[in-house]
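Trainee: Just passing along the structure, written as structure tokens.
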């Protein structure tokens, strides 16, 4: 009662460990240096230069057999399980540019995976293959200003009109939309008693009449972002947007399957997010320890101060806990997949890593900034941008509070009310006296 008897094992074969070692050096030596030139990539000419620089890096990744590793082999990937993918994303998470160099940058990677598992053969050929080849970009358009953390309040509708869908609604925080070629839009297509059966996903080319991208919304992470720059989060009005009926993901069978498809997309994605956060945390932790051994003040280096030692110990423990929790969730997902079961059976583990990983990311970066003082607050170190970006981790993919509710509800299902408590000593003593009465015969037992 209240326990999970599942064991786990995160060990990978030596050949894969060698791939991880190559990735660590490659990301550190070839990709992270690109961060220092971020201001150069903001113009159209700069973005073309970035693509020119990263093109040969992508070829090296492909030569290592690590390109788009999240997809199954028949879709051009490697068929890696979630443990291996998690270990890879821990390395890629150190730098925001790394995922694109490895062919698994969000939201394109998740959208390609969505089309791989839910799309028709025609949809995969038309959109997934070009997406994987980097010929087109995509957006997952779900969030609405009025829905927040309750997706059953999504109000964007798609009404069937002959061989077409007519879409109307207001979306925002549609990541990548202003530079995307296609939008995968979550829409309401029914009115069932079960709210989660009311929604479907429809592919909408961005240049379709009625798709009005109003702006990219500046954020805490990128307060000076301009509409049309990569990485933006768009506000969109869909006004009588007409697309062919067959654009619904999964074809006619996909009607009402929007949330089921979303879970297939989001479940593995949360593993990858949590491991990327660990990669960011590790960079901040390295800076924390480096500073502790370097800075001399008030008679000794900071590493000799008990408060700083507390920060280091707490950060290390939190990171290790987050890593083990995430790998255990990844391992369980692999076991469920192998057994032909749904990822929903791992929703407790996935929910835990979402809110715990976000908390650890924030804590470690915060301590690293604090130990650097004014230097940590400046743009001379990457900590300030990491800090601003980290705040979003507690919101996207569902706010922490929603995941905590899910975890608590699922955990409580393993228990039953008991009055008196099952640990009530007088009740247990009476049962023990009865059970061992024969052995206790003749002894003076106090009642």
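No value in this document is a laboratory result; all are computed from the given coordinates. Nothing here was measured: the structure is a model prediction, and the numbers come from that model. Because the Cβ atoms are built from the backbone with ideal geometry, glycine has one as well, and the counts that use them run over all protein chains shown.
Trainee: Gaussian network model of the chain, Cα springs within a sub-10 Å range: biggest mean-square fluctuation belongs to which of 118, 190, 250?
Mentor: Its mean-square fluctuation being the largest, the pick is 190.
Trainee: Can you give the three extents of the C-alpha atoms in the range 263-412 along their principal axes, from longest to shortest, in whole Å?
Mentor: For the range 263-412, the Cα extents along the three principal axes come out at 60, 26, 26 Å.
Trainee: So for 95, 289, 139, fewest C-beta neighbours within 10 Å to most, what's the order?
Mentor: By the 10 Å Cβ count, ascending, the order reads 289, 95, 139.
Trainee: Shifting gears a bit: Taking neighbour counts of Cβ atoms within 10 Å as a proxy for exposure, in what order, fewest first, do 272, 192 appear?
Mentor: Ascending number of Cβ neighbours within 10 Å: 192, 272.
Trainee: Cα-based Rg of the chain per 2.2 N^0.38 Å, rounded to two decimals?
Mentor: 1.14
Trainee: With the contact rule set at Cα under 8 Å and sequence spacing of 6 or more, what percent relative contact order holds for the range 263-412?
Mentor: Relative CO of the range 263-412 lands at 29 percent.
Trainee: If I build a Gaussian network model for the chain, linking alpha-carbon pairs within less than 10 angstrom, which residue out of 412, 78, 87 has the largest mean-square fluctuation?
Mentor: Judging by the Gaussian network model, the answer is 412.
Trainee: Relative contact order of the range 186-269: what whole-number percent is it, with Cα pairs under 8 angstrom and at least 6 residues apart?
Mentor: Computed over the range 186-269, the figure is 36 percent.
Trainee: Still on this structure: Per residue of the chain, what 222 nm ellipticity follows from adding -39500 (n - 2.57) for every DSSP H run with n ≥ 4, rounded to the nearest 500? Display every interim value, and only then the final one.
Mentor: Values: 14 runs with 199 residues, N = 447.
Value at 222 nm, helices only: -14500 deg cm²/dmol.
Trainee: I would also like to ask the following. What nm distance separates the two modelled labels at residue 441 and residue 150, each placed 7 Å from Cα along Cα→Cβ?
Mentor: Result: 6.6 nm between the two label points.
Trainee: Go from 0 up to the bin containing the longest alpha carbon distance in the range 138-256, width 5 Å each, and give me the % of pairs per bin.
Mentor: Taking all Cα pairs of the range 138-256, the binned fractions are 2, 13, 22, 24, 19, 12, 5, 2, 1 percent.
Trainee: Please work out the Cα center distance from the range 290-369 to the range 73-107, rounded to the nearest Å.
Mentor: Here the answer is 20 Å between Cα centres.
Trainee: Test of understanding: ordering 42, 409, 265 by Cβ neighbours within 10 Å, fewest first, what list do you get? Let's see the in-between values first.
Mentor: On the way: 42 15, 409 12, 265 21.
Lowest count first: 409, 42, 265.
Trainee: In a Gaussian network model over the chain where Cα atoms closer than 10 Å are linked, find which of 239, 13, 90 has the largest mean-square fluctuation.
Mentor: 13
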